[in-house]
Amino acid sequence: MPASLALDDYLDGLATAAARLREDTTDLPDESVVPTCPQWSALQLVAHTGMVHRWATAIIRGDEHAQAPSYSAALEEDGMQQPDPGGWLLAGADALELTLREAPDDLDVFFFLRDAPKPRLAWARRQCHETTIHAFDGLAARLGQVPTAADAELAPRIAADGIDELLRGFATRRGESLRTSRLITVAIQPSDVEQSWTLRLSPEQASCEIGLPDRADSTWTGTAAELYLGLWNRGRQIGQDGLDVIGFWRDNMRVEWS
């Protein structure tokens, strides 16, 4: 699962998304509902994102305590108690960016997706998309509804890279419940980038490869941003031809903090 962007691209994406999240949530009441994550308030969204930044920073720095559940829980609670949650969020994002810039190319630390790039680039990629998706959640909180992909103003190449990470990194993990009673082949074809993917669902572990299949049971289309957000269960702008598989994806593809 090689990354399609460079380190600076991911770090710029991280900084942009963190700034957007702060801007969209700063003037909201703490208890404002996040339509794309209705179990969270705006404050919980910011606290969660800032926690993930600090947790990732600790992993990259080699802190052996970072993987204990109590470590992330304490960070999130700290975020919930901040007088300026947005400032706290940006401080964590800045520290994460600096840590990644200073890390060696051959950084040897834990990373949780199989077949990932080397850890330095893998962590930059993951935190770029973590923050980009949650910035979209912040926009939803400000608007009071699920935004469109156009509202989010996402660069197609960032969105396409995020599709790749989700399909070839998260969807193919052994723990995911994307198993069907028979083989189903899905073609994913964005309209504004040259990348495409073939997702295969079956009684076994899901698999995904670059390129389109000779034959697909279902074809998913849209801009890269529409596909990116829709596959992350943020909106319903994905077009579908053939077998209805989108509902199965939405019901069974979950990426949750654990």
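Helical runs (DSSP H, four residues minimum) scored at -39500 (n - 2.57) apiece and divided by the length of the chain put the mean residue ellipticity at 222 nm at -15000 deg cm²/dmol. Measuring r between the beta carbons of Trp257 and Asp106 and using R0 = 30 Å, the FRET efficiency lands at 0.60. Counted by Cβ distance under 14 Å from Glu209, the other residues give a net charge of -1, where Lys and Arg count +1 and Asp and Glu count -1. Angle of helix 42-60 to the longest C-alpha principal axis of the chain, folded into 0 to 90 degrees and rounded to 10: 90°.
Determine the sum of side-chain charges near Met51: Lys and Arg each +1, Asp and Glu each -1, restricted to other residues whose C-beta is under 13 angstrom from that of Met51.
Once positives and negatives cancel, what remains is -3.
Sites listed here are trypsin sites (Lys or Arg not before Pro) in the range 156-244 whose DSSP assignment is loop and whose Cβ has at most 13 other Cβ atoms within 10 Å: Arg174, Arg182, Arg215, Arg236.
What is the sum of charges, Lys and Arg at +1 and Asp and Glu at -1, for the other residues whose Cβ falls under 15 Å from the Cβ of Leu75?
Values: positive: Arg54, Arg61; negative: Asp63, Glu76, Glu77, Asp78, Glu130.
Overall, the nearby charge balance is -3.
Seen against the Cα atoms of the chain and their longest principal axis, helix 119-143 is set at about 90 degrees. Relative to the longest principal axis of the Cα atoms of the chain, the long axis of helix 7-25 lies at roughly 70 degrees. The modelled label-to-label distance for the pair Leu243/Arg179, using points 7 Å beyond Cα in the direction of Cβ, is 1.7 nm.
Read-outs throughout are calculated quantities, based only on the coordinates presented, and are distinct from any laboratory measurement. Quick caveat: nothing in here was measured; it's all calculated off a predicted structure. A quick note on method: Cβ atoms are made from the backbone with ideal geometry, for glycine too, and the neighbour counts reach across all protein chains shown.
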